[in-house]
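Every number in this text was worked out from the coordinates using simple rules, so none of it is lab data. Predicted model only: the values in this text are computed from it and were never measured. Here the Cβ positions follow ideal geometry from the backbone for every residue, glycine too, while neighbour counts run over all protein chains shown.
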Amino acid sequence: MPSFPASMARKKTAPKGKKPASTTATASAKPSSKTYSGTTTEVVAELIDDGDKVGVLKVIERLELEIKKLQLDLAKAKDSRGRHSEGVTREQLGLLFDELAALREQGERSSARDEQDTTDDTLQRLAALDAEAKEKAKNPPKPPSRPMRREYSPSLLRVDNVLAVPCDQHTCPSCQQPLVQLEPEVTEVLDYKPGALFVRRDIREVFGCRANDCAVVRGPLGDKVIPGGAYGSSLVAEIVIKKYRDGMSLHRVTEWLQRMGYGMPSASLSDQVLWATELLTPIWRALLDEVTRSAVMQLDGTGMPVHHKEKGKPQVVASGTLWGAIGDGRAAVYTYASTAHKRGQREPDIGPEDILAMRAGGFVVVDADNKFDASFKRSDLFECGCAMHSRRYFVKALDAGNQRAVHPVAAFKKIYYLEGVSLEAGLSAEDLVLARDATQRPVWEGLRVWCTSVMEHGPPSSLLVVAARYLLKHYDALTRYLSDGRIPIDNGLTERLFRRIAIVRKNALFVGSHDGGRRAAVIFSILATCELLGINPAMYLADILPTLARGLSIEVDLPPLMPAAWIDAHPEARVPRMNVQLVTEFA
């Protein structure tokens with residue numbers, strides 16, 4: 001503990017006119033000792049004069065206690081977070097000087113010791129490194145392991161799929177020596193056949209050059225949706241079809257798989273749908289191009305609710321829209337828009353005006369929706385009306401109790417009967433125009449005259465007048481099909497294809513995101529085209545998905561994978577198609 005000179009002792013100065021206060025230091029050598037008063041220096045001087053050594057020691061002890069207390073207060077003041085004085089007292093300086101002296105003395109001793117042991121320390125460090133390396137050699141770190149693939153149940157049927165090396169590759173390409181067959185590579189893949197799951201054992205042959213060890217040749221890879229995947233293309237195709245054609249949720253698909261002996265995690269199911277959609281996107285783009293270049297295009301929309309979440313706002317179910325377009329009755333494509341507006345509001349959205357803007361010109365069959373009005377101002381784009389849509393207005397008037405609506409409903413019935421007779425006769429496009437003009441045009445003329453009479457005498461707000469006004473306003477568009485045999489009488493084909501979407505929408509209630517809506521549009525496009533052409537979608541998807549997964553050239557490899565070209569090369573995949581009027585059948 002540092003010592004202080006007597007001049008640094010605390011003093012109490014008494015106010016003027018009063019005696020100094022009694023000091024806190026009190027000493028007595030005997031039981032009947034006298035009391036000392038004054039400053040610390042005066043008290044110590046009196047004790048020395050009286051020869052009271054015990055009293056002097058007590059004063060010193062008391063001073064030491066006060067010094068320790070001041071040191072503790074100083075340490076607390078340094079550690080506190082509050083405001084404090086930045087001044088330095090003489091006591092603090094004294095402590096600092098003592099501490100510096102102690103550090104200097106310690107540093108001198110340590111430097112001398114370091115100079116003596118420098119060589120020993122270097123050797124010790126080298127020995128420690130050697131020991132550490134030796135310990136690592138004994139217990140090397142394990143390499144990062146790949147995720148373990150789940151074992152398939154032994155009860156599932158195993159089917160060997162030998163992937164042989166072609167005969168023309170049994171010779172070493174480097175030294176021309178014959179290759180020797182090695183142990184094959186076996187991979188188990190879960191796949192599907194109608195009614196059951198099975199494990200496909202891909203046995204990939206391996207040949208190697210034993211003469212000079214210069215080449216190894218392997219058989220082709222098995223069919224998979226993604227390289228290294230655990231599921232076959234037939235199983236992935238069935239999952240996609242059950243979700244987007246049969247309207248089964250992924251939860252129900254999981255239960256379906258469990259009943260057949262395998263429980264696939266829901267995350268894996270979502271991944272299969274995602275990867276399949278990404279692979280099928282080039283087919284979707286080609287379908288969009290084919291539909292917009294067709295001679296006659298049909299266009300309509302249906303709602304697709306979406307679970308939408310914006311930053312800083314609660315999650316809501318927004319009103320998305322799927323716009324379906326059909327080209328010449330041979331190709332169907334769907335686009336997704338995050339709203340019901342005529343143009344897309346987000347970057348990937350494609351609304352009805354966007355679709356029509358892609359079209360160079362020609363006939364477009366649509367309902368009389370004002371979303372199409374701006375597009376039909378083009379001189380090369382011709383609006384074709386929907387007779388079925390016009391008929392619905394008269395049916396509403398009849399259901400409301402207006403018996404006069406029986407006459408236009410009967411007229412539409414006759415028009416559709418005559419159209420059916422002409423189509424069943426298998427007439428060419430030119431002959432169909434003649435038949436329509438001879439049989440159906442007079443009925444349309446009679447409808448126009450009747451509706452004109454209703455408009456003149458009926459109340460403007462009645463449903464019958466509303467129906468008559470609609471027919472007269474769109475009469476030219478409704479009867480445009482009479483002058484061209486390629487144009488259908490109505491837009492019912494798009495609405496019949498919407499039934500599949502309605503089933504999915506009823507079971508799923510909404511898509512999980514806008515990206516989910518775009519993926520649904522891709523799958524719906526493929527499935528709807530298969531339905532138009534009479535293609536088994538399971539066989540089609542199972543065949544083209546592995547090909548798309550291997551990579552392709554859009555110009556060379558994509559055309560044979562399009563549905564119309566594919567079904568010509570695979571007639572075994574034909575199924576009954578929808579009753580569709582095809583332009584090619586009028587040749």
H307, H251 arranged by Cβ crowding within 10 Å, fewest neighbours leading: H251, H307
Residues H457, H389, H341 arranged by fewest to most Cβ contacts within 10 Å: H457, H341, H389
Taking a temperature of 20 °C and a viscosity of 1.002 mPa s, what whole-number D in µm²/s does Stokes-Einstein yield for region 435-587 with Rh from Kirkwood over alpha carbon pairs? 109
P(r) histogram, all alpha-carbon pairs of region 386-485 included - 5 Å bins from 0, percent: 2, 13, 24, 24, 16, 10, 7, 3, 1
Can you tell me how region 482-552 classifies by the Cα gyration tensor, rounded, prolate or oblate, using a/c under 1.5 as the rounded cut? oblate
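If each residue's Cβ is checked for other Cβ atoms within 10 Å, how do E42, E310 rank with the fewest at the top?
Sorted ascending by nearby Cβ count, the order is E310, E42.
Rounded to the nearest 20 debye, what is the charge dipole size of region 157-222 about its Cα centre when +1 sits on each Lys and Arg Cβ and -1 on each Asp and Glu Cβ?
On the way: 7 positive and 9 negative charges, 28 e Å.
Result for region 157-222 is approximately 140 debye, rounded to the nearest 20.
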Filter the cross-link list K193/K224; K371/K473; K193/K242; K377/K473; K311/K371 down to pairs whose alpha-carbon distance in this structure exceeds 18 Å. K311/K371
Over all directions, what mean area does the Cα convex hull of region 157-222 project, stated in square nanometres? 4.7
With contacts defined as alpha carbon pairs under 8 Å and 6 or more residues apart, what's the relative contact order of region 157-222 in percent? 42
Going by amide H atoms built from the backbone, whose H comes under 5 Å of the H on K193, apart from near neighbours? F198
For a quick size check, give me the Cα extents of region 187-346 along its three principal axes, largest first, whole Å. 70, 41, 38
In debye, nearest 20, what is the charge dipole magnitude of region 386-485 about its Cα centre with +1 on Lys and Arg Cβ and -1 on Asp and Glu Cβ, if you could check? 480
Given a Förster distance of 60 Å, the FRET efficiency implied by the Cβ-Cβ spacing of D399 and R218, rounded to the nearest 0.05, works out to 0.30
